[in-house]
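Worksheet: the structure to be examined is printed underneath.
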Amino acid sequence: YNKGLGQMKRGYFDEAIISFEKVRNHFPFNQYSVLSELRVADCLFEKAAYLEAVDAYLRFQKLHPRHPQIDYVVYRTARSEFKLAPLIPQRDQSHSTRGLRRLEGFNGRFPESQYLDAVAKLRGKALNRLARGALQVGNYYWKQQEWQAAERRYRLAAEEYPDAPIVSKARLRRGLCLWRLEDQAGARAVLSNLVAVDPESRWGKAATTFLERNPVEVPAQADAPGPTAPDAG
């Protein structure tokens, strides 16, 4: 097992897999057999064999659901899925979707996990990637100044991926589309909500600036009659 770790550390992943397999074959009931199984999955991940890594991690989860490192295994399974997803948002993102599904309920299952921050970052990146794909269609209509079609696409993106950081851009542009469609009340509602939920982002600040530069117009009122003078008697 230690020999396999040393090979793995030096980047000799195929040799390390052979060493770990020997441990599994010769000592099937030893604790190092289980650890070797996990290290094989890690080697597959490190050598960029992500599809095989997903299978290895899932097999480990099925065989050892109560293992002390199961949170690590779930995290690495999802990370392997994300590695398989294309970087270009418009392409098939089924692996990103599967990766997010692998992480469902992670915080509840592993509230003390050391991977909570890493999982949060991974989830944010995946949501952003999916949201960017949805935003692309809205951006196309935005450039064509087809405000109604753009507003609909931005609204759908915000509804489908409400937790994605990039969705703040969709909310901003949706509000501006509504403004151009002369729905000022709707635009103010969308932009005010953006300011409330994400005030420090560039999109939240842009919404704040827009609202400040376009204050609510108070309709002029007729002069009210003055108070009646008291009777001098």
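The values are calculated or read from the model by the stated rules, or taken from the named source; none is laboratory data. Note that the coordinates shown come from a computational prediction; the quantities given were computed from them, not determined experimentally. Neighbour counts run over all protein chains shown; Cβ positions are idealised from the backbone, glycine included. The area values use the complete protein model at the heavy-atom level, side chains included, leaving out ligands, DNA and RNA. Shrake-Rupley method; radii C 1.70, N 1.55, O 1.52, S 1.80 Å.
Only one of the numbered conditions (1) open to solvent by less than 70 Å² (accessible area, probe 1.4 Å); (2) farther than 20 Å from V119 by Cβ is not met by L38, and that is (2). If you go through the stretch 94-137 and keep only what is hydroxyl-bearing (S, T, Y) and touching a residue at least 12 places away in the same chain (Cβ under 8 Å), you end up with S96, T97, S113, Y115.
Take the stretch 126-147 and flag every residue that is part of a helix (DSSP H, G or I) and either at pLDDT 95 or above or open to solvent by 40 Å² or more (accessible area, probe 1.4 Å) (or both). Before the answer, list the steps.
If we filter the stretch 126-147 for residues that are part of a helix (DSSP H, G or I), which is where we start, we get 126-143, 147.
Passing the criteria: R129, R132, Q136, V137, Y140, Y141, W142, K143, W147.
Do we have L58 as touching a His at 6+ places or on another chain (Cβ under 9 Å) and either within 21 Å of V119 (Cα to Cα) or not in a helix (DSSP H, G or I) (or both) here? Judged against the criteria, L58 is not a match. Among all residues of the stretch 153-166, there is none that is at pLDDT 95 or above, of a type outside the set (S, T, Y) and within 14 Å of N139 (Cα to Cα).
Restricting to the stretch 69-97, name every residue that is part of a helix (DSSP H, G or I), open to solvent by less than 80 Å² (accessible area, probe 1.4 Å) and within 30 Å of Y140 (Cα to Cα).
As a first pass, look at the stretch 69-97 and keep what is part of a helix (DSSP H, G or I): 70-84, 94-97.
Filter again for open to solvent by less than 80 Å² (accessible area, probe 1.4 Å), leaving 70-82, 84, 94-97.
Passing the criteria: E81, F82, L84, S94, H95, S96, T97.
In the stretch 56-72, the condition of being out of contact with any Lys or Arg (no Cβ under 7 Å at 6 or more places or on another chain), of a type in the set (G, A, S) and touching a residue at least 24 places away in the same chain (Cβ under 8 Å) is met by no residue.
For the stretch 148-169, the candidate set comprises residues that are of a type in the set (A, V, I, L, M, F, W, C) and surrounded by fewer than 20 Cβ atoms within 10 Å (Cβ to Cβ); within that set, the residue that is farthest from N193 (Cα to Cα) is A149.
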